[in-house]
Amino acid sequence: MEKLKLTEEQKKTLLKTVRATIERELKQPTPSPMPSMEDEVFSGKFGLFVTLTIQGNLRGCIGYVEGVKPIREAVEDMAIQAAFHDPRFYPLAQKEYSGLDIEISILYPVEEVADLESIQVGRDGLIMEKGYRRGLLLPQVAAEYGWDRTRFLNETCRKAGLEPFAWENGAKVYKFEAEIFNEEELGLK
């Protein structure tokens, strides 16, 4: 599958859609207008995560690993899931909304890792899987925390509820690349 080549305006449209969707769910008195999602690029099916932070702290992050819906639908679904249904957090409250920052990650196809040396911190996201346990960390997580490859692998084990070094003991490791963009870098905040 080919990577998307989103323009700055298309990225802004996706970010504005997340914000407008959350405003509607919060029943804001004057929600932002919902951007047009008619552009053909939004009909593509890709994995997509919406990450919400407040003052640099995670507030919600949920997504699809694979393209199960067109981007135009997935972005609205994941906006609602990240804001109101991430099991790690209470649903987003009205009083938190003004401090909300939005980031979107569009995921490219997942591939099983045959050689751990091929994992590049900052470029690749990881999925660790063993039995019924599965955990995912987006590419930006390791870069933000300054992890090396081993720490990234072990933190992905932890996210999956597995012991450290499970990747040496039968866990399957998958990697993927992502296109990541946020409101601040695109001048929306």
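Summary of computed values
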quantity: Sparse-neighbour loop sites [trypsin sites (Lys or Arg not before Pro); the range 27-119; at most 12 other C-beta within 10 Å; DSSP]; calculated: 27, 88
quantity: Reciprocal of mean inverse Cα separation for the range 8-108 (Kirkwood radius, Å); calculated: 13.5 Å
quantity: Under the Debye formula (equal points on every Cα, no solvent term), log10 I(q)/I(0) of the range 55-166 at q = 0.10, 0.15, 0.23 Å⁻¹; calculated: -0.34, -0.76, -1.41
quantity: Helix-derived mean residue ellipticity, 222 nm - over the chain, DSSP H n ≥ 4, -39500 (n - 2.57), to 500; calculated: -8500 deg cm²/dmol
quantity: Over the chain - Rg/Rh using Cα atoms and the Kirkwood inverse-distance radius; calculated: 0.98
quantity: Globularity index of the range 111-177, i.e. its alpha-carbon radius of gyration over 2.2 N^0.38 Å; calculated: 0.95
quantity: Relative contact order of the range 111-177, pairs being alpha-carbon contacts under 8 Å that are 6 or more residues apart, as %; calculated: 43 percent
quantity: With Cα atoms, 0 to 90° folded angle of helix 149-159 axis to the chain main axis; calculated: 70 degrees
quantity: Net charge over other residues, Cβ less than 9 angstrom from the Cβ of residue 110 (K, R count +1; D, E count -1); calculated: -2
quantity: Rel. contact order, % - alpha carbon contacts under 8 angstrom, at least six apart, the chain; calculated: 21 percent
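Read-outs throughout are calculated quantities, based only on the coordinates presented, and are distinct from any laboratory measurement. All figures in this text were calculated on a predicted structure; none of them were measured in a lab. When we count neighbours, we look across all protein chains shown, and the Cβ atoms used for this are built from the backbone with ideal geometry, even at glycine.
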